[in-house]
Amino acid sequence: MMKGKKGIIFGVANQRSIAWGIAQKLLENGAEVAFSYMGERLKGSLEKLIIDYPQCKMYECDASDENQIENVAEQFKNDHGSCDFIVHSIAFADKDYLLGNFYKTPKDVFLQSMDISAYTLVSITRHFESILNDNASIVALTYLGSTKVVQNYNVMGVAKACLEASARYLANDLGHRGIRVNNISAGPVNTLAARGISDFTNLLKIHRRVAPLRSNTTQEEVGGAGLFLLSDLSKGITGETMYVDGGYNKVAVGGIDAYNLDS
Ligand SMILES: NC(=O)c1ccc[n+]([C@@H]2O[C@H](COP(=O)([O-])OP(=O)(O)OC[C@H]3O[C@@H](n4cnc5c(N)ncnc54)[C@H](O)[C@@H]3O)[C@@H](O)[C@H]2O)c1
């Protein structure tokens, strides 16, 4: 499905990363995939993951630094010429504020989360724009906490709302070239980033009791949706947020056994 297509994934930290689920599907389907990593520690972990794919290029990138994004775009251009897909799977917020009251979030924490988790999509798109092929596809990872309150998700929910809106504006900017920009809203998955959210294990438990599919979202499920949105099969879809969450977002009251009704 992806033969002849080349692109880059931002945000594979380890084997549990959601982006690794997408990477595996892309590689299995013949895509030429490059990766960005943040810092030496994550470089080692990424190297181990892609040991069977020595052709994959790796570029260091702290996406909060626009010069580094620019450098990655330059290196990608030198190595690959042009680009057919981008995966944005980057987020950060100070975990001290992923609990308790949202109103306590200080300005610097708010702005840093917005910068790394949302603005980087705009910046990456801008720096890659000149090498994006017509009909290229961009996918960003988001979460339900953007449109509904999820206890403790706090500032990340606000940043995800900004990310989703940014994807819609980018879709409108680039649609005249057939370039598409979509979000995947994944259900909770136990990853490095997720562990920063207070009470995350309970979120997983509630999810599998309430979601119509009565199970937790897997990397493989998100990988499949990623492959679809990055491939030509989804040519008519842009500015969309596709939920890969076992139907959780569709339920108001479900899985009655998830609630302690005697308390
Ligand atoms: N795990 C979940 O439950 C869940 C659910 C829905 C959406 N998401 C989203 O999926 C995406 C990937 O997260 P994950 O859960 O796979 O966790 P992860 O920890 O595996 O991935 C997060 C990535 O963000 C990168 N990152 C953080 N700050 C960065 C910076 N300044 N520059 C460059 N990279 C930076 C990290 O290096 C890491 O690779 C995030 O956008 C996250 O919000 C996660």
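Just so you know, all these numbers are worked out from the coordinates, no wet-lab data involved. Note that the coordinates shown come from a computational prediction; the quantities given were computed from them, not determined experimentally. Counting neighbours? That spans all protein chains shown, and the Cβs are built from the backbone with ideal geometry, glycine included.
Here is how the numbers come out for the structure above:
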read-out: Under 5 Å, built H, 5+ apart or other chain: amide partners of Ala34; value: Gly7, Ile8, Ile9
read-out: Out-of-range pairs (alpha-carbon distance over 27 Å; input Lys160/Lys235; Lys43/Lys104; Lys104/Lys160; Lys57/Lys148; Lys43/Lys107; Lys48/Lys160); value: Lys43/Lys104; Lys57/Lys148; Lys43/Lys107; Lys48/Lys160
read-out: Helix 219-230 axis, angle to the chain major axis (alpha carbon atoms, nearest 10°); value: 50 degrees
read-out: Rel. contact order, % - alpha carbon contacts under 8 angstrom, at least six apart, the chain; value: 20 percent
read-out: Rough spin-label spacing in nm, given labels placed 7 Å along Cα→Cβ, for Tyr169 and Lys95; value: 3.2 nm
read-out: DSSP-loop chymotrypsin sites (Phe, Trp or Tyr not before Pro) across region 160-263, with at most 16 other Cβ within 10 angstrom; value: Tyr259
read-out: Label zone at Arg16 (point 7 Å along Cα-to-Cβ), backbone N below 16 Å, region 184-222; value: 187-205, 216-220
read-out: Computed E for Lys148/Tyr53 - FRET, C-beta separation, R0 41 angstrom, nearest 0.05; value: 0.60
read-out: Least to most buried among His207, His176, His127 (fewest other Cβ within 10 Å first); value: His176, His127, His207
read-out: Whether region 6-245 is rounded, prolate or oblate, judged on the alpha carbon gyration tensor where a/c under 1.5 counts as rounded; value: rounded
read-out: Stretchable slack from Arg177 to Glu129, in nm (0.36 nm times residue separation minus alpha-carbon distance); value: 16.2 nm
read-out: Separation of alpha-carbon centers, region 21-80 and region 103-160, rounded to whole Å; value: 20 Å
read-out: Cross-link partners of Lys95 among aspartates and glutamates (Cα-Cα below 16 Å; sequence separation of 8 or more within a chain); value: Asp108, Asp115, Asp199
